[in-house]
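The values are calculated or read from the model by the stated rules, or taken from the named source; none is laboratory data. Everything numeric in this text was worked out from a predicted model, so none of it was measured. Note that each Cβ is placed from the backbone with ideal geometry, even for glycine, and that neighbours are counted across all protein chains shown.
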Amino acid sequence: MIGIDITPINRFEKHIKNKNYLKKYLCNDEIKLVNSAQSAAGFFASKEAISKALMQGIGKECSFFDIKIHKTDKNAPYFTLSKKIVDRYKITNTSLSISHDGGFAIAVAFIESDLKDQLPISH
């Protein structure tokens, strides 16, 4: 399953210093990784892309806090999902890419699941 999202970076410029705004969609560990409007936009786009890869939007069944964005030692993004989401969708593998250019942040998420035969895919 693949999800993609794009968001304007300037949407986050006035909120980057406001931790209460960031807490609407990021946990404290994620906020520590955000050092610019660019990275805040990238994290937001990532969570939206991940929810789309799960074939749903952010809502009751999958909240912003069921998704956690991390960075490797080499600054590459990756994500983890809550146990509730992993169990429900039988997640086996994930991948995330975030890019910034032209005033936009874009994220692409890939999720593998053992529920392949139950997904709404036409043949």
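Just a few scattered comments:
- Identity of the residue in segment 5-32, outside any helix (DSSP H, G or I) and over 18 Å from the mean Cα position of the chain (by Cα), that ends up surrounded by the most Cβ atoms within 10 Å (Cβ to Cβ): His15
- Put simply, of Ile58, Ile106 the only residue that is surrounded by fewer than 20 Cβ atoms within 10 Å (Cβ to Cβ), under 11 Å from the mean Cα position of the chain (by Cα) and modelled with pLDDT under 95 is Ile58.
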